[in-house]
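FYI, it's all coordinate maths here, none of it is from the lab. This one's a predicted model, so the numbers in the text were calculated from it and none came from an experiment. With ideal geometry, Cβ positions are generated from the backbone for all residues, glycine too; neighbour counts draw on all protein chains shown.
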Amino acid sequence: MSAFFHQKMKITHIFKILFSLMFSVSLYAQDGIMNQGEMVSKKVYHEIPFFNTKDEIVQFVTLKGKSFKFIFDTGAPLAISNELQNSHQYPILHLVPLKDAHNNSDTIKIVLIDTIQIGNIVFKDIPAVVIDFKNSPIGCQNIDGIIGSNIARFLLVQFDLSQNKIIFTDQHDKIIFAKEKYSYPQKSDSKLNKFFYT
């Protein structure tokens, strides 16, 4: 692989780490805000194919009847691009002030997504962080947002490595359990939001 590719991957991972750290600190106090909303659909089952666990896991979601490219990352909250916010004008729930090491100030918007659909699963009134993806290290991926932890908390999520797919469901009997050492839940405050690796 080229040096450029390795450098791109390195920058992407650095951005992910910084993104997660930034919001784990800044949004910790906003936990009540980020955990609003509900999953309207019941008895759901949806699969996302993937081919390399090191690549981004892409899923198209529906907002206001149109399809948009998101990536799946439970290390971050639900996020949308500046462009989506500008076109959809979601109501602002909260403004989070940020300051870097050089004392530069910025503000991050938390907005309320009225309806978001992933496959056959519909969610309502879910908060999302607005991010300037185009001017970030992952801008070249042309994504519109991130499916994050405040969406995944409603679901059981299984990473089926043998069949290269991720299963989203709210039904325990749809999860295929492997040997104990390969299948385990992730600690969570939610009733569901468990991750299984088989």
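Got a sec to turn the phi values of region 106-111 into Karplus ³J(HN,Hα) couplings, 6.51 cos²θ - 1.76 cosθ + 1.60 with θ = phi - 60°, whole Hz, x for Gly and Pro?
Result, rounded to whole Hz: 8, 9, 9, 8, 10, 10.
Going through the cross-link list Lys42/Lys64; Lys43/Lys69; Lys66/Lys109; Lys43/Lys134; Lys43/Lys109, which pairs have a Cα-Cα distance over 31 Å in this structure?
Check vs 31 Å cut-off fails for Lys43/Lys134; Lys43/Lys109.
Taking only the C-alpha atoms, wrap a convex hull around region 55-133 and report its volume per residue in Å³ as a whole number.
Spelled out: Cα convex hull of region 55-133, divided by residues, is 111 Å³.
Amide H neighbours of Lys165 under 5 Å, counting only residues 5+ apart in sequence or on other chains, H built in-plane at 1.01 Å?
The list, which skips near neighbours in sequence, is Phe50, Asp160.
If you plug each phi of region 116-132 into the Karplus form 6.51 cos²θ - 1.76 cosθ + 1.60 with θ = phi - 60°, what whole-Hz ³J(HN,Hα) values come out, in order, with x for Gly and Pro?
Working through the residues one at a time gives 9, 10, 10, x, 9, 9, 10, 10, 10, 6, 9, x, 9, 8, 9, 10, 8 Hz.
Please work out how much length the chain gains when fully extended from Glu83 to Ser105, using 0.36 nm per residue of separation minus the C-alpha to C-alpha distance, in nm with one decimal. Kindly include the intermediate steps, with their values, before the conclusion.
Working: separation 22, 0.36 × 22 = 7.92 nm, distance 2.14 nm.
Extending this stretch completely gives an extra 5.8 nm.
R0 = 25 Å: FRET efficiency of Val122 with Ser162, Cβ-based, nearest 0.05?
0.30
When Lys and Arg each count +1 and Asp and Glu each count -1, what net charge do the other residues less than 11 Å away from Leu112, Cβ to Cβ, add up to?
Result for the local shell: 0.
Ranked highest first by average number of other Cβ atoms within 10 Å, how do 74-85, 155-166, 118-129, 103-114 line up?
Ranked by mean Cβ neighbours within 10 Å, highest first: 74-85, 118-129, 155-166, 103-114.
Between Val58 and Val40, what length comes free when the chain is fully extended (0.36 nm per residue of separation minus the Cα-Cα distance, one decimal in nm)?
Stretched fully, the Val58-Val40 segment lengthens by 4.2 nm.
Return the sequence-ordered ³J(HN,Hα) values of region 79-85 in whole Hz as given by the Karplus equation 6.51 cos²θ - 1.76 cosθ + 1.60 applied to θ = phi - 60°, using x for Gly and Pro.
Calculated HN-Hα couplings, in order: 9, 10, 6, 4, 4, 5, 5 Hz.
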